[in-house]
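Reviewing the structure listed below.
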Amino acid sequence: INGATEGSGVLSASECFGGTDAGEDVYRLTMPAPVAPAVGVDLVAELGIVTTFDAVLYARSSCGGPDTELACNDAYGDGGDRIVVNDVAGVIDLVVDGYSSEGIGEYQLLLSARSVMPVAAPCDPEGIASRCATGSICLVTDGKGACATASEHEPNGELAVAEGPFDVDFTVIGEIHP
């Protein structure tokens, strides 16, 4: 998603920075239901290197105040802000904000979803396409990853990308300007 905050409305401040009168762009996302064998879905959002201002990226369960905040990141400088919202379901609001009142400009918002896999399901050891559910780890055997309870893990030093049903998709409902 390519956008610009110039002329955008102003929301309340984020929990991870003091807040300003810089305009924000808000995207309402509907997260998908997990696809079997996945047991959940994580949202991964990042501002790309074409971002032209010091931005802050955060997610909220509603467009309300900071008490609804799920994740926040201020990477200091132009772009590179990244958040992960674990096991998110339903509708969430993703906000691109400026760090200071001069924090307006163009940005590139990169969105992806990753599957949360149960014990014995295939997994991605690098945690990009998928991750194992809380309390388990991605164990690599014979070049393939599988989720296992942490007590079953014995490090073997081998890394490989696992095969599996990692494809998930979500819908951007629309941009909201307060």
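The values are calculated or read from the model by the stated rules, or taken from the named source; none is laboratory data. Just so it is clear, the structure is predicted and the values come from calculations on it, not from any experiment. Here the Cβ positions follow ideal geometry from the backbone for every residue, glycine too, while neighbour counts run over all protein chains shown. When the accessible area is computed, the model is the full protein with side chains, heavy atoms only, and any ligands, DNA or RNA have been set aside. Shrake-Rupley method; radii C 1.70, N 1.55, O 1.52, S 1.80 Å.
Computed values, structure above
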read-out: Segment 107-123, subset among the hydrophobic types (A, V, I, L, M, F, W, C) and assigned to a loop (DSSP other than H, G, I, E, B), residue surrounded by the fewest Cβ atoms within 10 Å (Cβ to Cβ); value: A120
read-out: Conditions (1) part of a strand (DSSP E or B); (2) of a type in the set (V, I, T); (3) at pLDDT below 90; number of the one not met by I104; value: (1)
read-out: Residue within segment 151-170 that is in contact with a strand residue (DSSP E or B) (Cβ under 9 Å, 6 or more places away or on another chain), surrounded by 12 or more Cβ atoms within 10 Å (Cβ to Cβ), at pLDDT below 90 and under 30 Å from A22 (Cα atoms) present; value: yes
read-out: Evaluation of I128 against (1) among the β-branched types (V, I, T); (2) modelled with pLDDT of 90 or more; (3) open to solvent by 30 Å² or more (accessible area, probe 1.4 Å) (one fails), failing number; value: (2)
read-out: Residues of segment 33-76 satisfying the condition of being surrounded by 20 or more Cβ atoms within 10 Å (Cβ to Cβ) and in contact with a helix residue (DSSP H, G or I) (Cβ under 6 Å, 6 or more places away or on another chain); value: R60
read-out: In segment 83-101, residue surrounded by the most Cβ atoms within 10 Å (Cβ to Cβ) [restricted to those that are in a strand (DSSP E or B) and more than 13 Å from the chain's Cα centre (by Cα)]; value: D97
